[in-house]
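**Student:** Okay, here's the structure, questions in a sec.
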Amino acid sequence: MDFIIVAFSLISIAAAGVDLGFIKILRMLRLLRPLRMISKNPGLRIAVHSLINAIPDIGNVLVVSALFLLLFAILGTNLYKGTFYRCHTEMIPDHLIPLIVDKFDCMDYGGDWLNEDQHFDDVPSSIVTLFNVMTTEGWIGVMWSAVDSAKIN
């Protein structure tokens, strides 16, 4: 293993001035250096083997999680389809904004009827929105859009 790493390192140093795609792949093989520790440390070897043996079970958990995500995406699509649209009031005078109640008022006063970036209009968009909420990235905007859509309905 050490010989292979040293040989690829020497080849990549020798071809440093040459712009070839496979040379970059050879540089990536330097990442194999930490694998030497696995062969020297038996406790680390047991941990790596345990992780490798757990991959099928992790796949099963991933399938179940994807199924729940799909079910909640379908539910979100049924509950919130088309309700995350908002009136973009940049071109509307301030005294007319309280008069806007629906899409037609928005367009009559010169506003733009726009959809949020994260919405539940179709199942794929719902899955992406739910995944963003699960990762707690941008969930507050989705929450307030859902609260506002509940007020309208």
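**Student:** From the list Gly111, Gly141, which residue is buried (at least 19 other Cβ atoms within 10 Å of the Cβ) and not β-branched (Val, Ile, Thr)? Even if it seems obvious, please write down each step before you answer.
**Tutor:** Values: Gly141 fails: buried (at least 19 other Cβ atoms within 10 Å of the Cβ).
Result of the check over Gly111, Gly141: Gly111.
**Student:** Looking at Thr136 and the list (1) on the phi > 0 side of the Ramachandran plot; (2) in contact with a helix residue (DSSP H, G or I) (Cβ under 9 Å, 6 or more places away or on another chain), which single condition is not satisfied?
**Tutor:** (2)
**Student:** Also: Got a sec? Which helices (runs of 4 or more DSSP H) wholly within segment 1-116 have at least 1 residues that are out of contact with any helix residue (DSSP H, G or I) (no Cβ under 9 Å at 6 or more places or on another chain), at pLDDT below 90 and over 19 Å from Ser145 (Cα atoms)?
**Tutor:** Values: elements: 2-14, 21-28, 35-40, 42-53, 55-80, 103-108.
Fully inside segment 1-116 and qualifying: 2-14, 21-28, 35-40, 42-53, 103-108.
The values are calculated or read from the model by the stated rules, or taken from the named source; none is laboratory data. Note that the coordinates shown come from a computational prediction; the quantities given were computed from them, not determined experimentally. With ideal geometry, Cβ positions are generated from the backbone for all residues, glycine too; neighbour counts draw on all protein chains shown.
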